[in-house]
Amino acid sequence: MKVTSSEIVISAVRPDQYPDTDLPEFALAGRSNVGKSSFINKMLNRKGLARTSSKPGKTQTLNFFLINESLYFVDVPGYGYARVSKSERAAWGKMIETYFTSREQLRACVLIVDLRHPPTSDDVMMYDFLKHYEIPCIVIATKADKIPKGKWQKHLKVTKETLDLDSNDDIVIFSSETGEGKDKAWAIIEKYM
Ligand code: GTP
Ligand code: MG
């Protein structure tokens, strides 16, 4: 995909704030600080469009990015951030659940995990949630630049085994630093459009 235009359309918390369109949508999910917003920026060749931070918990709302007037990426707040209250966690759960279970134009979830480490129990829970609702999943194993290339396949195998990855779901080794995996990720997304 050659990205010629990208813009943030709205930061939403409730369904009545979601954009009123039927363009295909791809939502980002993953642990807080794993690199969801950085993934969006790399895919769109935009440095600061999706706000990133070295501190977890940067993204707090559902942020809708319109791309080439033909699809949306939806940046989603991360899970597994320890320093949030019970009520904040409950609000997060409701916002996410409502979006993932009711948004008809959602074509697939892009689940971002860290290639360096086995997926966490929260990652496995998120993946199982998607499977339960029969939402196709594209797994992006990011931060590949942080480990030697010779170890990528070994880490990929652990990621697949820990998630018990469905044979229908794609997985891509990625880096928002180097752009590794970007073309492959776009090809998979286009397949779902
Ligand atoms: P929340 O919005 O808090 O859920 O986080 P997020 O998942 O959107 O993470 P974000 O994109 O803000 O990135 C978190 C940190 O990881 C930032 O310091 C990024 O620069 C860094 N980071 C993200 N992706 C990569 C990557 O591929 N390689 C390296 N080396 N650093 C990365
Ligand atoms: Mg973010």
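For the stretch 136-193, residues that are closer than 18 Å to Glu25 by Cα, of a type in the set (Gly, Ala, Ser) and more than 13 Å from the chain's Cα centre (by Cα) total 1. Number of residues in the stretch 43-72 that are at pLDDT 90 or above, within 13 Å of ligand 2 (Cβ to nearest atom) and of a type in the set (D, E, K, R): the value is 0. Just to be sure before I move on: is Lys149 among the basic types (Lys, Arg), open to solvent by 10 Å² or more (accessible area, probe 1.4 Å) and within 30 Å of Asp22 (Cβ to Cβ) in the structure I sent? For Lys149, the condition - among the basic types (Lys, Arg), open to solvent by 10 Å² or more (accessible area, probe 1.4 Å) and within 30 Å of Asp22 (Cβ to Cβ) - is not met. Filtering the stretch 14-29 to residues that are over 17 Å from Asn68 (Cα atoms) and crowded, with 17+ Cβ neighbours inside 10 Å leaves Tyr18, Leu28, Ala29. If you go through the stretch 159-186 and pick out every residue that is open to solvent by less than 60 Å² (accessible area, probe 1.4 Å), modelled with pLDDT of 95 or more and more than 15 Å from Phe39 (Cα to Cα), you end up with 5. Is it true that Asp123 is open to solvent by 10 Å² or more (accessible area, probe 1.4 Å), part of a helix (DSSP H, G or I) and acidic (Asp, Glu)? In short, no. Val110 meets the conditions (1) within 15 Å of ligand 1 (Cβ to nearest atom); (2) open to solvent by 10 Å² or more (accessible area, probe 1.4 Å) in every case but one. The failed one is (2). Restricting the stretch 73-102 to residues that are in contact with a strand residue (DSSP E or B) (Cβ under 9 Å, 6 or more places away or on another chain) and away from ligand 2 (no atom under 16 Å from the Cβ) leaves a set whose member that is nearest to Asn41 (Cα to Cα) is Phe100.
Residue check: Leu156 meets all listed conditions (1) assigned to a helix (DSSP H, G or I); (2) in contact (Cβ under 8 Å) with a residue 60 or more places away in the chain but one, namely (2). Of the residues making up the stretch 30-89, just one is more than 14 Å from the chain's Cα centre (by Cα), acidic (Asp, Glu) and either crowded, with 20+ Cβ neighbours inside 10 Å or not in a loop (DSSP other than H, G, I, E, B) (or both), namely Glu88.
Restricting to the stretch 15-71, count the residues that are within 16 Å of ligand 1 (Cβ to nearest atom) and not hydrophobic (A, V, I, L, M, F, W, C).
Counting residues in the stretch 15-71 that are within 16 Å of ligand 1 (Cβ to nearest atom) and not hydrophobic (A, V, I, L, M, F, W, C) gives 26.
The values are calculated or read from the model by the stated rules, or taken from the named source; none is laboratory data. Treat the numbers as computed from the prediction; the structure is a model and nothing was measured. Cβ atoms come from the backbone with ideal geometry, glycine included; neighbour counts cover every protein chain shown. Only protein heavy atoms, including side chains, enter the accessible area calculation; ligands, DNA and RNA are left aside. Shrake-Rupley method; radii C 1.70, N 1.55, O 1.52, S 1.80 Å.
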